[in-house]
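Report on the structure given below.
Laboratory data are not the source of any read-out in this text; all were calculated from the coordinates shown. Predicted model only: the values in this text are computed from it and were never measured. Virtual Cβ from ideal backbone geometry, glycine too; neighbours counted across all protein chains shown.
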Amino acid sequence: MDPVLPIVIFAALIAILLGQDEPAPRLAQERVVLLPERDGSASAVTVTTRGGAAILDKPYAAADVFDDGTLARADESAASVEMRFGAALAAQPPPPVSFLVYFVFNTDELTDASRAQFGRIKAELAARPAPEIVVIGHTDRVGSIPYNDALSLKRAQTVRAALIQAGIAPAGIEVAGRGEREPAVATADEVAEERNRRVEITVR
């Protein structure tokens, strides 16, 4: 018989008698999972604790965080995430979305292209349960600052009225005018830039 074997058996018997079985596996206090972006674009997140850091840089990569601050890499799948977190994910509100519509020079009248698009926007917003909508009007740099402040607000109010007409509750729509202060395209003063004559509609 191998002379080492009785020693190993004896040590194992002592451990059993003293209640020193194999240590129980540690339970993670928290699991962080990187979900895929809705549009398929790449993303990453760094999980940092007092015990280290882990970079999650592919869909369903995960990190377990233990009570002593240490980290352990893990992997999830679409199926396991749905099983473990499906109810919480379903309860989340839809992600914010934004739309742009454009206006005829020096008016609060939508351009033909934006008028054609606006029907689809109204239908999409009206289909959302209790949407919170921020409508912000802008102008180009032609005209005085006070005039453009008033025109940008008028454009925002025109869009708000159209959304209300589409069935969206007025209380859920906030409007503001930024005048020429936040151009989409930087220009010199008194330049008529059509991309700056816009209203941004952001839905939360």
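Couple of notes before you dig in:
- Helix-only CD estimate at 222 nm, as mean residue ellipticity for the chain, using -39500 (n - 2.57) per DSSP H run (n ≥ 4): -10000 deg cm²/dmol
- Looking at the stretch 97-203, the DSSP beta bridges with both ends there are about 70 percent antiparallel.
- Put simply, the stretch 42-128 fits an ellipsoid with semi-axes of 45, 17, 11 Å; these come from the alpha carbon gyration tensor as the roots of five times its eigenvalues, largest first.
- Residues of the stretch 31-45 with amide N under 15 Å of a point placed 7 Å along Cα→Cβ from Asp75: 34
- The radius of gyration of the Cα set in the stretch 97-203, together with its Dmax, comes out at 13.3, 42 angstrom.
- Net length gained if the chain between Glu30 and Ala91 were fully extended (0.36 nm per residue, minus Cα distance): 20.0 nm
- Under the simplified labelling scheme, the Lys58-Arg204 pair shows an inter-label distance of 3.6 nm, with each label point 7 Å from Cα along Cα→Cβ.
- Cβ-placed point charges (K, R +1; D, E -1), dipole of the chain about Cα centre in debye, nearest 20: 680 debye
- Taking label positions 7 Å along the Cα-Cβ direction at both Ala127 and Asp67, the computed distance is 4.8 nm, reported to one decimal.
- Set against the 2.2 N^0.38 Å expectation for a compact globular protein, the chain has a Cα radius of gyration ratio of 1.78.
- Kirkwood Rh in Å, taken over all unlike Cα pairs in the stretch 24-90: 12.7 Å
- Residues Lys58, Lys122, Lys154 arranged by fewest to most Cβ contacts within 10 Å: Lys58, Lys154, Lys122
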